[in-house]
Amino acid sequence: MARTLPFALAGAAGAATLTAASAPSPLYPVYQRLWGFSAFTLTLVFAVYVFALLAALLTIGSISDHVGRRPVASAALVLLAVGMLLFATADDVGGLMLARVVQGLAVGAAASTTTAMIVDSAPSSQLGSVVSSAVPTLGIGIGLVTAGALVQFAPHPRQLVFWLFGGAYVVLAALVWLVPEHTRPRATASGGLWRSLVPSLGLPPEARAVFLAQLPPMTATWALSGLYLSLGSSVVVTVLGAQNHFVVGLALGAFFVAGVLGTTTSASVAPRWRAWVGYATLTAGVIVTVVATLGGGFATYLVGSVVAGYGFGASFRSVVSELGEAAPANRRGEVFATMYIVSYLAFSVPALVAGLATEQFGLKATIVVYGIAVVALVVTAMITEGTRRRPGDQLDSVGVLRPREPATQQTPRHPGSIGPGVSWASGTSLGRDARS
């Protein structure tokens, strides 16, 4: 129980942070009707959020490694509440953009911090792997479904969801102080803290090869989720003919809720096959979704969204697990910040290009090309996965790669570790993590 409550609070903070990313999505068609802006302007509203988020990740994304997780997470949640206030009072496109910038800065500060907080406080490495990779999709799904329901059925449809989420963020900003700090902050002598605020990308040597290997699946999964959040509502409304805002929220939320299912159930798959399950379902789901968009079938589109979402969750869990295993405990904030920088670039830039392409070539043609690009990235990930040799893998007598065996024994818990003497997923000693 002593570890369960802090872990639950860390998970709740991580999920709540990502509800902010998706809460406005069911309202975008409403904003377009009210203020008459184009599909490209819509993706621009989406993109300024991501650019602000990237600016935060590049500057303060790893600051929790220096000052601790709690103050950064708490301040970010308060800033998110301010962003919700700006959304509730926005009355034009400029107001939306300002709200999205504030929101992006807050999510950028919180994303890597809450991920590291979840990993730090996890009762076991496997549970930490599942939850840390599930909370982004869970939070996005909650934001979509809740916003869709409130917009359709509740009073004050353009304000109520933001008031409720803003209040929740203030409460969580206070509660995260109950989560203990599990790793010693890094030394800040000689201006180390201030140097960490200089925009930079950083990876410890131990994580670099693994990070490069995870680039294709990281890019494919987040590029697809960016498409759903930026143009997904337009597809559901204009191509598939849905007019009910709750239905729009459910259609978009299906992808991300299925992502949570993919994250959790893939934990039972043998490690050597886990990434392959994600790649196969992601590819199948994208193909079905594209076919449904061309044929105008809402039910088929929903099925494709669920299958693709499952692949998203399983694939991203594999990414987080590999990176968490490779990263030293006291540099996880830095590693996850870099992961989110790449992820959100994939999340935003292709979606912005797609919004511009929609103006020139139409929505259906854009979705088809986007789907082909995502499948190409997944194929690249498959090739990389098939040829990659992980630390601890061995070649058998006929030259076939044999994966490392899981640890069967545990050593005493070392300061700075996340489990009883084991690293993120490998079962190796974490003695190196207490240094620096």
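Listed values, structure above:
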| item | result |
| --- | --- |
| Amide H contacts under 5 Å for residue 182, placed H, 5+ residues apart | none |
| Per-pair calculated FRET efficiency, R0 = 51 Å: residue 5 and residue 294 via Cβ, rounded to 0.05 | 0.55 |
| Nitroxide proxy distance, nm - points 7 Å out along Cα→Cβ at residue 268 and residue 372 | 3.9 nm |
| Student exercise, the range 241-344 dipole from Lys, Arg, Asp, Glu Cβ charges, in Debye to nearest 20 | 120 debye |
| Spin-label pair residue 164/residue 206, simplified geometry with 7 Å Cα→Cβ offset, distance in nm | 4.3 nm |
| Estimated FRET transfer efficiency when R0 is 25 angstrom, pair residue 82-residue 261 (beta carbons, to 0.05) | 0.15 |
| Packing-based ranking, highest mean first, of 310-317, 132-139, 210-217, 337-344 given that Cβ atoms within 10 Å are counted | 310-317, 132-139, 337-344, 210-217 |
| Principal semi-axes in Å for the range 1-116 [√(5λ), Cα gyration tensor, largest first] | 29, 15, 11 |
| Surface accessible to a 1.4 Å probe, per residue, for the residues of the range 33-152, Å² | 27 Å² |
| Karplus 3J(HN,Hα) series, Hz, for the range 212-219 with 6.51 cos²θ - 1.76 cosθ + 1.60 (x for Gly, Pro) | 4, 5, 8, 4, x, x, 4, 5 |
| Scattering curve values for the range 245-293, log₁₀ I(q)/I(0), Debye with Cα scatterers, q = 0.30 Å⁻¹ | -1.11 |
| The range 62-112-the range 299-348 distance, computed between alpha-carbon centres (Å) | 21 Å |
| Using θ = phi - 60° and Karplus 6.51 cos²θ - 1.76 cosθ + 1.60, couplings along the range 236-244 (whole Hz; Gly, Pro as x) | 5, 7, 8, 8, 9, x, 6, 10, 7 |
| Surface accessible to a 1.4 Å probe, residue 91 within the full protein complex, Å² | 110 Å² |
| Cβ-placed point charges (K, R +1; D, E -1), dipole of the range 291-380 about Cα centre in debye, nearest 20 | 80 debye |
| The range 1-45 - convex hull of alpha carbons, volume per residue in Å³ | 64 Å³ |
| Ranked by how many other beta carbons lie within 10 Å on average, peptides 268-278, 67-77, 22-32, 219-229 from highest | 219-229, 22-32, 67-77, 268-278 |
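The values are calculated or read from the model by the stated rules, or taken from the named source; none is laboratory data. Owing to the predicted nature of the structure, the values given are computational and were not obtained by experimental measurement. Positions of Cβ are backbone-derived with ideal geometry, glycine not excepted, and every protein chain shown enters the neighbour counts. Only protein heavy atoms, including side chains, enter the accessible area calculation; ligands, DNA and RNA are left aside. Shrake-Rupley method; radii C 1.70, N 1.55, O 1.52, S 1.80 Å.
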